Amino acid sequence: MKAKYARKICAILFLVLAWEAAALIARAASQYAAILVPTWGTVFGEELPGFASFRGGAAPNYADALIVLGQNSLITIRRVLLGLLVGGVTGVLTGIVIGLRPTLRGMFYPVVRLLCNIPLLALIALFLVWFGGKEQGIVIYIAFGLWIIYTTNVIEAIDRADRTRINFARTLGASNQKIYTNVILPMIVPNIINASKVALGVAWAVALGGEFLAAQDGLGRLLILSQQYMKTGRMLIILILFIILTGLFSWLLKLVGDRLTRWMPKG
């Protein structure tokens, strides 16, 4: 376990040092190159306090900058969680209804598979036309992308359910309803958790895409403003924030998943 964490720390240190080396080379090459690849000193010494400018033209300072980043992080987190909740609940229910009914599966599963082939970022313009960049439009956009993931995973999990257990339960006299609730649904819980891990990663990317084009606040909005003014250091800070948030929520999801599947044999 210690070796595992040591390798991760070494990989992070390598990336940090590699960026710093590239930044020093860029600074020696030209002033423009130095803007594109700033040193860590520039990133945290100049660009980070520069976020204070989003608080009514305040002078660069760390307190206001952290408030700006905190407020916009909470906005993005709220959108991700709402999209995850709506997309997850509707996706699981849709997957169960379609997966347990062969007729419905034959009719609608091809449609779901077709929707899976549509790049989510290609739909941003369509949702922008429908909702005009409103808050509910961004949440629905995130929820739609996650609904596809959950629906597909639940249907496939039901198809792969252990037929031996199902037949054994039927032999003991269990009704279809009992088989659904006591055999099939518990078996697909790990698949739902795995789908949640995938959906959580996609949710951050989709939320960033939605905010990047349409939102008036959130980390995505800060990112596009930083890009417009060539603030590479600020863009880097926002990307680091996304990495931290994604890792934190993935860890929390793992804890919840381990708790829900503690009855299952490990290994």
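Reported to two decimal places, what Rg/Rh ratio describes region 1-144 when computed on Cα atoms with Rh from the Kirkwood expression?
Ratio of gyration radius to Kirkwood radius: 1.14.
Hey, what does the equivalent ellipsoid look like for region 34-95, semi-axes from the Cα gyration tensor as sqrt of 5 times each eigenvalue, largest first, whole Å?
36, 15, 7
For region 170-220, report the translational diffusion coefficient in µm²/s to the nearest whole number, using Stokes-Einstein at 10 °C, 1.306 mPa s, and a Kirkwood Rh over Cα pairs.
114 µm²/s
Give me the number: length gained by fully extending Thr171 to Ala33, i.e. 0.36 nm times residue separation minus the C-alpha to C-alpha distance, one decimal in nm.
42.5 nm
If one takes the longest principal axis of the Cα atoms in the chain, at what angle in degrees, from 0 to 90 and to the nearest 10, does the Cα axis of helix 135-159 lie?
Relative to the chain, helix 135-159 is tipped by roughly 40 degrees.
Ranked from the most accessible area to the least, with a 1.4 Å probe and all protein chains present, what is the order of Arg259, Arg55?
Ranked list, largest accessible area first: Arg259, Arg55.
Label Arg262 and Asn182 with points 7 Å out from Cα along Cα→Cβ: what is the distance between them in nm?
Rounded to a tenth, the inter-label distance reads 2.4 nm.
Taking all protein chains in place and a 1.4 Å probe, what share, in percent, of the accessible surface of the chain do carbon and sulfur account for?
69 percent
Mind sorting out which of (1) 44, 23, 15; (2) 28, 25, 18; (3) 32, 25, 15 is the real semi-axes √(5λ) of the Cα gyration tensor in Å computed from the coordinates?
(1)
Leaving ligands and nucleic acids out of the surface, order Cys10, Cys116 by accessible area at 1.4 Å, largest first.
Cys10, Cys116
Using the Kirkwood radius built from alpha carbon pairs, what does the Stokes-Einstein equation give as D for region 1-69 at 10 °C and 1.306 mPa s, in µm² per second?
Estimated diffusion coefficient is 114 µm²/s.
Setting aside same-chain residues fewer than 8 positions from Lys197, which aspartates and glutamates have a Cα under 18 Å from its Cα?
Qualifying aspartates and glutamates at Cα under 18 Å: Glu156, Asp258.
In nm, what is the difference between 0.36 nm times the number of residues separating Ile12 and Thr246 and their Cα-Cα distance?
82.7 nm
Give me a comma-separated list of calculated 3J(HN,Hα) values for region 99-104, in order, Karplus coefficients 6.51, -1.76, 1.60 applied at θ = phi - 60°, integers in Hz, x for any Gly or Pro.
x, 8, 10, x, 5, 5
With Rg and the Kirkwood Rh both taken from Cα atoms, where does Rg over Rh land for region 115-203?
Value, to two decimals: 1.17.
So what's region 1-41 giving for Cα Rg divided by 2.2 N^0.38 Å, two decimals?
Output field value: 1.51.
Cut-off under 28 Å on the C-alpha distance; same-chain residues fewer than 8 positions from Lys178 excluded. Which lysines are left, in chain and number order?
Cross-link targets: Lys266.
Please compute the modelled spin-label separation between Lys197 and Tyr5, points set 7 Å along Cα→Cβ, answer in nm with one decimal.
Spacing of the two 7 Å Cα→Cβ label points: 2.0 nm.
With runs of 4+ DSSP H residues as the only contributors, calculate the mean residue ellipticity of the chain at 222 nm using -39,500 (n - 2.57) per run, divided by the residue total and rounded to the nearest 500.
-25500 deg cm²/dmol
Quick check: convex hull over the Cα atoms of region 148-267, volume per residue in Å³, rounded to an integer?
So the per-residue hull volume is 131 Å³.
Towards the positive end of the charge dipole of the chain, with charges on Cβ (+1 Lys, Arg; -1 Asp, Glu), say which of Val256, Leu36, Val68 has the farthest Cα.
Ranked along the dipole, the leading option is Val256.
Can you give the FRET efficiency to the nearest 0.05 for Leu93 and Glu156, using r as the Cβ-Cβ distance and R₀ = 22 Å?
The pair Leu93/Glu156 has a calculated efficiency of 0.90.
The values are calculated or read from the model by the stated rules, or taken from the named source; none is laboratory data. Bear in mind that the values here come from a model prediction, so they are computed numbers and not experimental data. Cβ coordinates were reconstructed from backbone atoms using ideal geometry, including for glycine residues, and neighbour counts include every protein chain displayed. Only protein heavy atoms, including side chains, enter the accessible area calculation; ligands, DNA and RNA are left aside. Shrake-Rupley method; radii C 1.70, N 1.55, O 1.52, S 1.80 Å.
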